[in-house]
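Taking it in order: structure first as structure tokens, then the write-up.
The values are calculated or read from the model by the stated rules, or taken from the named source; none is laboratory data. Keep in mind it's a predicted model, so treat the numbers as computed, not measured. Every residue, glycine as well, gets a Cβ built from its backbone with ideal geometry; the counts of neighbours run over all protein chains shown. Just so you know, the surface numbers come from the protein's heavy atoms only, side chains and all, with ligands and any DNA or RNA stripped out. Shrake-Rupley method; radii C 1.70, N 1.55, O 1.52, S 1.80 Å.
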Amino acid sequence: MSRKFKLGNLYLGSVFVLLYLPILFLIVYSFNAGDVMQGWAGFSLKHYSELFSDTRILEIVVSTFLIALLSSLLASIIGTAGALYIYNLKHTVVKNIFLSLNNILLVSPDVIIGASFLILFTVMGFALGFTSVLLAHIAFSIPIVVLMVLPRLQEMNQSIVASAKDLGANNWQMISRVILPVISPGILAGFFMAFTYSLDDFAVTFFVTGNGFTTLSVEIYSRARQGVSLEINALSTMMFVVSLLLVLFYYVISTRAVKNKKRSTRLVLPASEGL
Amino acid sequence: MQPVKLCAFLVTIDLLIKSEGWELTNISTPIIEFKNVGLSYGDDEVLKNIDLELEAGKFYTLLGPSGSGKTTILNLISGQLTVTHGDILFEGNIINDVPVEKRHMNTVFQDYGLFPNMTVFENVAFGPSIKGMSKKDIKTKVTEMLTLVKLNQYADREITELSGGQRQRVAIARALANDPEVLLLDEPLSALDYKLRKEMQYELREIQQRLGITFVFVTHDQEEALAMSDWIFVMNDGVIQQNGSPEDIYDEPINHFVADFIGESNILDGIMKTDYLVHFTGKDFENVDAGMRPNERVEIVLRPEDLDLTAIENGKLIVTIADQSFRGDYYEITAIDDDGNEWQVQATNKSKIDERVGLTFDPEDIHIMRFNESENDFDARLESYEGEEDAEK
């Protein structure tokens with residue numbers, strides 16, 4: 001038994017090593033004093049200082065985060081409303097149609113979504129840039145939010161809705177005071193999923209960025225085509241750290257929500273407020 | 001002196017008439033009334049032509065097995081469901097289309113429906129705050145309600161930190177905080193253990209009496225219904241089988257279903273030979289029922305606690321003890337008579353299995369049920385011969 005267990009651990013370990021080795025490799029070389037990925041020339045932070053003096057890349061970082069934040073916020077609002085609507089549909093056929101439409105958007109290839117948005121914006125004569133990227137990101141984030149919120153609604157005790165009505169609440173009071181607080185962990189999960197999807201989306205963004213505007217993933221791609229500079233390693237390392245912090249942040253608030261205002265978890269929160 | 005007295009008398013009469021007139025309209029208008037109410041889902045008729053009247057300030061129970069339509073009636077009163085046909089009236093006004101949140105009644109749900117994101121205080125404060133009461137008034141109201149259900153120490157607790165019984169109390173306090181004229185309770189005690197249930201029965205009754213508002217209580221537990229109610233509606237198959245005081249329903253069940261559902265019963269087939277003479281198990285017995293056709297086929301109900309075991313020579317019937325079990329305050333005995341009928345008897349003394357003993361009962365313990373007798377006919381018949389009896393005396 002114990003031998004089997006060790007074998008399992010070994011397998012799990014090797015899978016994780018395989019998964020994280022490229023990232024580790026990339027991170028290590030971001031500290032290389034040399035300019036290429038071959039050969040270690042000593043430790044240096046010069047690629048980081050290059051990165052921070054590159055105003056273009058910093059601007060792009062800011063706008064990428066702005067897009068991610070705005071699109072995930074708006075998608076959370078629209079997606080939650082949509083989930084509430086689907087949840088309240090009485091007709092099962094209509095309900096299933098809506099759910100299927102939602103899921104198709106989730107599984108359909110990004111390239112197709114990106115291309116279709118490009119066609120749409122061009123046909124409408126809509127200028128490509130910040131707004132077009134934002135709209136596209138909101139659009140592909142909505143189904144993610146719906147998918148995260150709907151199960152919360154379904155496992156919510158039906159009689160709390162009945163109770164709210166019974167106690168005299170109108171629809172809005174019922175939603176804002178009872179339903180939203182109860183499903184908030186789902187909304188939060190949807191928001192973070194949408195945020196990370198938006199941060200690292202390449203395919204859709206690639207189609208709808210115009211000449212002037214670009215996001216990090218598109219920028220990294222275009223730079224990598226001209227030969228990888230280690231500045232990109234530095235940037236990727238920073239992105240990786242941010243992702244880690246995001247995961248940590250999500251973990252902290254979601255456990256706090258589960259533990260329902262228990263004081264002990266609050267102490268952990270300040271550590272992640274550096275975000 | 002005399003004219004003064006007369007004058008005072010006349011004034012008093014006058015006042016009485018005036019106040020009587022005022023009160024009459026109040027008393028005679030039921031707080032809730034169902035007129036020929038039916039509810040169907042497609043071809044499935046859940047409720048069939050229900051007529052009922054509820055007076056203000058009483059404790060009503062809708063009693064029946066699951067699927068009998070009792071919760072459906074409650075949901076129609078609260079407004080969660082709408083009628084397929086017929087009218088529901090509140091203080092004389094039709095409320096068929098009044099939405100849930102506009103009705104002057106509140107519900108205690110079976111699974112309580114407490115808001116998990118709020119504390120005990122916030123749960124109870126929900127209704128008053130929706131109404132737009134001031135913070136100070138809300139605090140007074142919530143404190144009052146939590147004191148009523150003996151939970152004032154628990155105001156700041158989370159719902160998840162409460163036991164089942166405490167959640168129950170929060171649900172009651174929350175519903176009462178809205179000052180409803182009618183409180184609807186949907187099997188609220190079914191999730192509690194036996195002892196707690198007994199306690200809550202007593203407390204609910206006390207709360208109802210103290211507040212003086214109408215309670216409509218739904219349960220499948222006949223003991224609960226008998227212990228708490230002023231008036232019981234026994235339901236089955238979407239029809240009110242019988243309504244009456246707990247004593248009426250227990251002592252004079254209208255049909256086989258009610259006799260079987262409420263309490264333990266020995267139910268036998270028999271023939272009502274003439275008034276006050278009934279024939280069953282091959283013998284004639286004197287009884288106290290009348291008003292049926294000669295030689296009408298009927299059912300006979302004898303409650304186990306009305307039967308006594310005695311010496312063979314004193315018995316009206318001779319039975320053989322088949323089984324007995326100890327129930328704490330009595331022995332539950334199963335005995336078989338010579339016709340093969342099974343008798344449930346509650347006896348204070350232990351018996352011997354296979355022993356032959358006499359079975360005895362009083363004429364007034366024999367209750368007769370006619371087949372398919374409507375509640376109106378049943379009431380009229382009881383009244384007719386009970387009146388006769390009084391006249392004879």
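Step by step: first the residues of segment B:309-324, then only those that are part of a strand (DSSP E or B) and in contact with a Phe, Trp or Tyr (Cβ under 7 Å, 6 or more places away or on another chain), then the one that is surrounded by the most Cβ atoms within 10 Å (Cβ to Cβ). Which residue is that? Restricting to residues being part of a strand (DSSP E or B) and in contact with a Phe, Trp or Tyr (Cβ under 7 Å, 6 or more places away or on another chain), the top hit is B:Val319. Elements of the type helices (runs of 4 or more DSSP H) sitting completely within segment A:174-263 and holding at least 2 residues that are open to solvent by 20 Å² or more (accessible area, probe 1.4 Å) and within 14 Å of chain B (Cβ to nearest Cβ): these cover A:180-200, A:230-258.
Picking from B:Val120, B:Val124, B:Val108, which residue would you name as being more than 13 Å from chain A (Cβ to nearest Cβ) and either crowded, with 19+ Cβ neighbours inside 10 Å or touching a Ser or Thr at 6+ places or on another chain (Cβ under 8 Å) (or both)? Matching residue, one of B:Val120, B:Val124, B:Val108: B:Val120. Taken together, the criteria place B:Arg167 among residues that are in a helix (DSSP H, G or I), touching a Phe, Trp or Tyr at 6+ places or on another chain (Cβ under 8 Å) and farther than 21 Å from B:Gly212 by Cβ. Within segment B:200-243, being on the phi > 0 side of the Ramachandran plot and among the small types (Gly, Ala, Ser) holds for B:Gly212, B:Gly238. Of the residues B:Leu226, B:Leu189, B:Leu196, the single one that is touching a residue at least 12 places away in the same chain (Cβ under 8 Å), in contact with a helix residue (DSSP H, G or I) (Cβ under 6 Å, 6 or more places away or on another chain) and more than 23 Å from B:Ser163 (Cα to Cα) is B:Leu226.
Here's the yes/no breakdown for (1) at the interface with chain A (Cβ under 10 Å from one of its Cβ atoms); (2) in contact with a helix residue (DSSP H, G or I) (Cβ under 9 Å, 6 or more places away or on another chain); (3) open to solvent by 30 Å² or more (accessible area, probe 1.4 Å):
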{"site": "B:Asp51", "(1), (2), (3)": "no, no, yes"}
{"site": "B:Thr61", "(1), (2), (3)": "no, yes, no"}
{"site": "B:Ser66", "(1), (2), (3)": "no, no, yes"}
{"site": "B:Asp87", "(1), (2), (3)": "no, no, yes"}
{"site": "B:Lys102", "(1), (2), (3)": "yes, no, yes"}
{"site": "B:Gly113", "(1), (2), (3)": "yes, yes, no"}
{"site": "B:Pro128", "(1), (2), (3)": "yes, yes, no"}
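Could you say whether any residue in segment B:170-180 is within 9 Å of chain A (Cβ to nearest Cβ), free of Cβ contacts under 8 Å to residues at least 60 places away in the same chain, open to solvent by 20 Å² or more (accessible area, probe 1.4 Å) and of a type in the set (A, V, I, L, M)? There is no residue in segment B:170-180 that is within 9 Å of chain A (Cβ to nearest Cβ), free of Cβ contacts under 8 Å to residues at least 60 places away in the same chain, open to solvent by 20 Å² or more (accessible area, probe 1.4 Å) and of a type in the set (A, V, I, L, M).
Tally the residues that are under 21 Å from B:Val258 (Cβ atoms) and either under 13 Å from the mean Cα position of the chain (by Cα) or not hydroxyl-bearing (Ser, Thr, Tyr) (or both), restricting the search to segment B:46-77. Within segment B:46-77, residues that are under 21 Å from B:Val258 (Cβ atoms) and either under 13 Å from the mean Cα position of the chain (by Cα) or not hydroxyl-bearing (Ser, Thr, Tyr) (or both) number 22. Every condition in (1) over 21 Å from A:Arg177 (Cα atoms); (2) modelled with pLDDT under 95 holds for B:Leu183 except the one numbered (2). The set of residues in segment A:264-275 that are out of contact with any Lys or Arg (no Cβ under 9 Å at 6 or more places or on another chain) and either modelled with pLDDT of 75 or more or assigned to a helix (DSSP H, G or I) (or both) comprises A:Ser264, A:Pro270, A:Ala271, A:Ser272. Could you say whether any residue in segment A:122-132 is open to solvent by less than 20 Å² (accessible area, probe 1.4 Å) and of a type in the set (A, V, I, L, M, F, W, C)? No: zero hits. Looking across segment B:72-85, the residues that are within 12 Å of chain A (Cβ to nearest Cβ) and open to solvent by 10 Å² or more (accessible area, probe 1.4 Å) come down to B:Asn75, B:Gly79, B:Gln80, B:Leu81. Applying the criterion of being away from every other protein chain (no Cβ under 13 Å) and surrounded by fewer than 24 Cβ atoms within 10 Å (Cβ to Cβ) to the residues of segment A:141-173, the residue that is farthest from B:Leu185 (Cα to Cα) is A:Pro143.
Would you confirm, using the coordinates I've provided, whether A:Ala136 is out of contact with any Leu (no Cβ under 8 Å at 6 or more places or on another chain), crowded, with 24+ Cβ neighbours inside 10 Å, small (Gly, Ala, Ser) and more than 12 Å from every other protein chain (Cβ to nearest Cβ)? It is true that A:Ala136 is out of contact with any Leu (no Cβ under 8 Å at 6 or more places or on another chain), crowded, with 24+ Cβ neighbours inside 10 Å, small (Gly, Ala, Ser) and more than 12 Å from every other protein chain (Cβ to nearest Cβ).
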